[in-house]
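The block underneath contains the structure these notes are about, expressed in structure tokens.
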Amino acid sequence: MNKKKVLIIDDDPHIREILDDYLNFEGFDAFLAEDTEKGLKILQEEIIDILILDIMLPDEDGWEFCQKIRPEYDLPIIFLSAKDKSVDKITGLELGADDYITKPFSPREVVARIKAVLRRYNKGAEAEKTIKYGELVINREQHLISFKGEKIDLTPKEFSLLWHLAENPKKVFRRERLLKAVWGYDYYGDVRTVDTHIKSLRKKLGEEAAEAVETVWGVGYKFDNQKLEEQ
């Protein structure tokens with residue numbers, strides 16, 4: 001079973017160390033960064049399940065960083081902060097955070113809150129079992145795809161690739177991120193594997209539906225749901 005990956009961005013080495021110890025003991029895989037520059041690099045290289053983000057950081061405050069990454073990274077965020085006023089908590093939650101923990105805190109409480117947020121997040125994700133854009137229907141539970149009422153047979157990897165793109169419409173994915181998301185956290189295959197599967201996926205979808213799977217030259221791929229909804 002793959003460990004859940006937690007990214008901790010905090011400039012206090014003691015906080016990073018103690019949370020790292022507790023999270024590893026609880027079966028998580030912790031990644032540590034002392035500023036947002038290093039944190040962003042980890043986000044780009046790893047499929048992170050949840051972000052623990054300090055607000056007062058040396059290079060950029062956590063609120064700004066949260067706003068910056070929200071459009072691209074769909075993951076739960078928990079703020080850590082010495083700011084304990086209600087207005088600060090409300091601001092954090094309005095910016096898209098899933099929880100807000102004030103310092104000083106109990107490491108056990110942080111771990112418990114991480115587990116609670118992940119349960120809520122995963123429960124919400126499980127509820128979304130069907131995607132429908134125009135005449136294209138993708139049912140994850142039954143592993144079925146149809147376009148204009150006609151069933152389309154895909155391999156498991158082709159299905160996962162299409163689902164990952166389609167559940168994040170208009171979002172551009174680098175080949176490396178698709179490789180990790182679809183083939184697994186520890187898969188180190190050639191990124192051309194993604195191109196090969198995209199080519200096969202488009203062929204099976206047919207000319208009309210395949211228009212939604214777009215190449216972003218020099219970057220990767222995205223799913224343009226609007227093209228299906230306008231057909």
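The values are calculated or read from the model by the stated rules, or taken from the named source; none is laboratory data. Nothing here was measured: the structure is a model prediction, and the numbers come from that model. Don't worry about glycine lacking a Cβ; one is built from the backbone with ideal geometry, like all the others, and counts go over all protein chains shown. With ligands, DNA and RNA removed, areas are computed over all heavy atoms of the protein, side chains included. Shrake-Rupley method; radii C 1.70, N 1.55, O 1.52, S 1.80 Å.
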Filter result for the condition that a residue is assigned to a strand (DSSP E or B), open to solvent by less than 60 Å² (accessible area, probe 1.4 Å) and at pLDDT 90 or above, over I114, I138: I138
Pairs with Cβ under 8 Å, 6+ apart, first in the stretch 31-46 and among the aromatic types (F, W, Y), second part of a helix (DSSP H, G or I) and open to solvent by less than 40 Å² (accessible area, probe 1.4 Å): F31/I42
Filter result for R119 (more than 18 Å from H197 (Cα to Cα) and open to solvent by 60 Å² or more (accessible area, probe 1.4 Å)): yes
Subset of the stretch 144-173 (residues that are modelled with pLDDT under 90, under 23 Å from K5 (Cα atoms) and over 13 Å from the mean Cα position of the chain (by Cα)): K157, S160
Residue tally, condition more than 12 Å from R174 (Cα to Cα) and either in a loop (DSSP other than H, G, I, E, B) or more than 25 Å from the chain's Cα centre (by Cα) (or both), over the stretch 210-228: 3
Residue list for the stretch 31-57, filter: open to solvent by 20 Å² or more (accessible area, probe 1.4 Å) and in a strand (DSSP E or B): F31, L32
Options K151, K204: the member that is assigned to a strand (DSSP E or B) and open to solvent by 50 Å² or more (accessible area, probe 1.4 Å): K151
Filter result for R177 (open to solvent by less than 50 Å² (accessible area, probe 1.4 Å), basic (K, R) and within 26 Å of K5 (Cα to Cα)): yes
Pair list, Cβ < 9 Å and 6+ apart or interchain, from the stretch 1-30 residues that are farther than 21 Å from G62 by Cβ to residues that are polar (S, T, N, Q) and open to solvent by 50 Å² or more (accessible area, probe 1.4 Å): D29/N2
Any hit, the stretch 150-170, residues being free of Cβ contacts under 8 Å to residues at least 24 places away in the same chain and charged (D, E, K, R): yes
Any hit, the stretch 188-195, residues being modelled with pLDDT of 90 or more and not in a loop (DSSP other than H, G, I, E, B): yes
Given (1) under 22 Å from F105 (Cβ atoms); (2) surrounded by 13 or more Cβ atoms within 10 Å (Cβ to Cβ), number of the condition H14 does not satisfy: (2)
